[in-house]
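The structure appears right after this line, and notes come after that.
The values are calculated or read from the model by the stated rules, or taken from the named source; none is laboratory data. Remember, predicted model here, so these are calculated numbers, not experimental data. Here the Cβ is made from the backbone with ideal geometry for all residues, glycine too, and neighbour counts use every protein chain on show. Calculation scope for accessible area: heavy atoms of the full protein, side chains included, ligands and nucleic acids excluded. Shrake-Rupley method; radii C 1.70, N 1.55, O 1.52, S 1.80 Å.
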Amino acid sequence: MPRKSSQIKPGVRKYGTKSNYTPEQLEEALSEIRSGAMSRVDASKHYKIPPVTLYYKLNDKHTKNIGRPVTFTAEEEQSFQNHLLLLSDVGLPLSMLDFRVIIRDYLNKNNRIVPQFRHNMPGYEWGTLFLERHPLLKEKLSHNIPKKRAQVNREQVKQFFNNFSKESEGVTPQNLYNMDESGFHDDPGKKKLLFRRDCKHPDVIKNSSKSCFTIVFCGNAAGELIPPFFIFKGVKLWSDWLYQAPESSRMAISKSGWMETTIFEDWLENQFIPFVKKDEGKKILMCDNLSAHISPKALRLCAENNIAFICLIPNSTHLLQPLDVGYFSAVKSAWRKVLNDYRQTCRGKKVLALPKSLFAQLIKRTLQNGNANSSENLRAGFKSCGLYPLSPATVLSKLPAYTSTVDISDTISESFVNYIENVRQSDLNTVTKGKKFQLPVVAGKSVSAEEVENYYKEREKTDKTKRGNEVETRQSKKRGRPMGSKNKNKKKPGDPTPSGEVWSTENESENNEVVDAVKHGEECDENELMSQNVGGYAEFVVEAMIHKPPSPEVAKGLYKMLDMGVNSSTPQEQEFEPPVITIPGDNIIGESEEQIQWEDKDLPIVEPISDLTPSEQNNSGRGLVKDAYCIFNNEGSMFLGQIRKLNLSTATVMVSAFQKFFLGGWKWPSKAEILKVKISDIVSIVKDHQITKKNGITYVEDDILLMEWGE
C-alpha cells in the first residue's frame, strides 16, 4: 500500500476542489431536496455537491463508502477502539507498533490471511487511517513518570481529602500556603535554529555548566507569593550573593546546596512566620514529606503560631503540589530566557559557570518578567490540585480508571490480554522500597511535635537494642575468621596423607576403647596404644595422665605420637611429669607482637627422638616447638600460624595466627591475634623449605594441604 502523501505535487490535477463537502452537508442537502425546499440543481450549487451524486443518493445507488473496503468489520474496529481507550485509561497506552503486532496476532489466531498485509501485519499507513476513522484516539507525545508516582491510587487520594477537608474547614485562601524548593540549573536549554541540511553536529558556542542553585518558594491560594529564600552551596556566606536580589529575600548555605533541617527551621522562623502574622486566623502550610521538613522545633514553631503543618501523599507532587502543577513551569521557562540573554552578553561569554553574585540578580529579573501572570498561575495551581476550592474529583479524574464501555469481543480481548501479560507484566509491582525510617506523618493531617519526639525516642531504643545484638554477635564470633567451609575436612579416596599430619578418623570405635582404658587407669600395652592415633582424643588421654601418671612406656609412646622427644636418652629411668603452663584465656586479641612476652622455660625442650626410624623422622617434621610454623584447623578452614606456647595438661597450643593476603600468601595482622587451639587441630608442621618470605608476605606451598584455605 503506497504511503499517503499530505502534499500535492506541482502539475498534478487536484480532485474534489469543487465538491469538497462533508457527510453532514450531504445529509442536509438530501433532506432539503426531499422536503421540496430546494431542487436538485439548486442544492448542488448551494452545497457544492455534484448533481449526479445527489441523484445516486436519492435513488439509493452507490451507497457504499468511497475507496477500497476496510479489512475489518465495523464491530471489530469498534472493539479495537474500546480496548485502546481502556489501556489508555489504566495507564498502559500502546504505541502504534504494539497495536499493529496485536492485530497480527489476532489475524493469525483466527487463521485469517490479508494479502495486503506483509506477513499478515498491518502497515504504518493502515494505523494512520485507523486513527482518522476513530477521532477518539490520537497519537500524542508521552511523558514519563516514575513507578512510585504511578502507584498513587484513588483510596490514598480520597483519604487525603477526607483529612484535609477537616483541617481546612473555615480557613481563608489567604491563609492556605504551599511551600516547595526547586533547583535552577545553569543551562539555557536547547533551541531550534537554522542549519545546513546535511549538518550532522548542529552545535552552538555558548558557555554553560552543571551548577545548580536552590530556591524556596511559598505562596497561598489567593495568588500571593512570599519573597524567595536562596540556598547556596558553600561554607561561608558572602554579602554580594544577595546584591540586587528580590526585596525581603534571605539566604542560607549548606554543604550539598539542598534543603536541610536547620535551613528549614531558619526559613520557617525568620521568613514564613513574620510574613503570615499580618493575617488573622488559622494558617495551613502544606509541604511534601521530606524528612528535612519535619523536626520537633519546626512543629513547635507552627503550634505556637497557630499553623497546621500538613504533608502531602508521598510521590504525589505532580497531582497535589500547587507550585509544581501551576507555577514552576512558567518560572523555569522565563529563567531559561533570562539566562540565554545573559549568555549573549560580553561577561556571559567569558565566564564558564554562573557566579553566585549574579544569580540573585537574574532571578529578580525572571520574577519581574513573569510577575503579570504569577498570581494567576498560583491560583490555577491550587484549583488544579483540588485544594481551593475543595474538589477531590479534580484529582481523581487524573488517575487511571476503567472506562464504562467494556462491550468487547472475547477473541479480541484475549489478544490484548496476552500482550499485557507478555510485554507489560508487573510494571507497577517491581518498585522496591528503600530502607528508610518512616516518620509518623499522615497525608492531609497536621503533625505535632510530640508525635515526632516520641517517634525518635522509640527509634533510639530500637537502634540501641539492634547495636547491642550486633556487638554480642561480633563477640561470639572470632574476629577475622570465617564461619566455616562447606567442604569440611573432605578428602578424596586414595589421597596421600599430608606430611606432619598427627590425627586420623579411621576406626573410631577402637580409639574409643583405648581412651576409655587409659582414662580408667587400666594398663595398656605400649604397642596397642601406639597403634592408635590419639590426635583426635588427646584431651582425654592427657586428662588421664593428670589423675594418674602413666608408666614410662606409655609416656614414651605418647611423646612419639605427639612428635616430641625427651631430654634423657633412657626415658624408662625418669619419671614423667607433664609441664603445666598457665593460660590466661582462650585468646588474646589486640596486643602487638612486641608486647607479648614468651618464656622459654615454660616450654618443653623438644629434640628429635633418636630411636625413630628415618621414615618416621621425615613424617614427624620439626615437632611442636616454639616459633614453629604450623597449619591449624579453625571452624573447618585451614590457616597458617606460629606456635607460641604448649600446655600438655589441657592438650592446647597457643598459636599466633597469620592473615590471608588478598594477592596471595599470608601476612601478620596489624594487631597480633593469639588463638588457643587443641593439639588435635594442629594439622601439619610446616618445614623451612616449604616457606618463602618476600616483602613482608609469607608464602606456603599449597600442595602440603588438600583442604580449603581460610580467607
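Computed from the C-beta positions of Lys693 and Ser291 and an R0 of 35 Å, the FRET efficiency is 0.05 to the nearest 0.05.
Quick check: residue separation of Ser142 and Ala353 times 0.36 nm, minus the Cα distance between them. What number comes out in nm?
Numbers: separation 211, 0.36 × 211 = 75.96 nm, distance 3.30 nm.
Stretched out fully, the Ser142 to Ala353 stretch lengthens by 72.7 nm.
For the stretch 60-217, taking Cα atoms only, Rg and Dmax work out to 25.6, 73 Å respectively. Measuring with a 1.4 angstrom probe and ignoring ligands and nucleic acids, Glu155 comes out at about 130 Å² accessible.
For the stretch 246-336, compute Rh as the Kirkwood radius over C-alpha pairs and then the Stokes-Einstein diffusion coefficient at 20 °C and 1.002 mPa s; write the answer in µm²/s, rounded to an integer. In µm²/s, the coefficient is 145. A Förster distance of 35 Å, applied to the separation of the beta-carbon atoms of Val52 and Asn120, puts the FRET efficiency at 0.35.
Here the label points at Asn111 and Arg467, each 7 Å from Cα along the C-beta direction, are separated by 7.5 nm in the simple model.
Taking every lysine pair in the stretch 205-293 that is 8 or more places apart or spans two chains, those with Cα atoms closer than 26 Å amount to 6. Once backbone amide H atoms are built at 1.01 Å from N, Glu673 has Ala657 as its partners under 5 Å, excluding neighbours fewer than 5 places away on the same chain.
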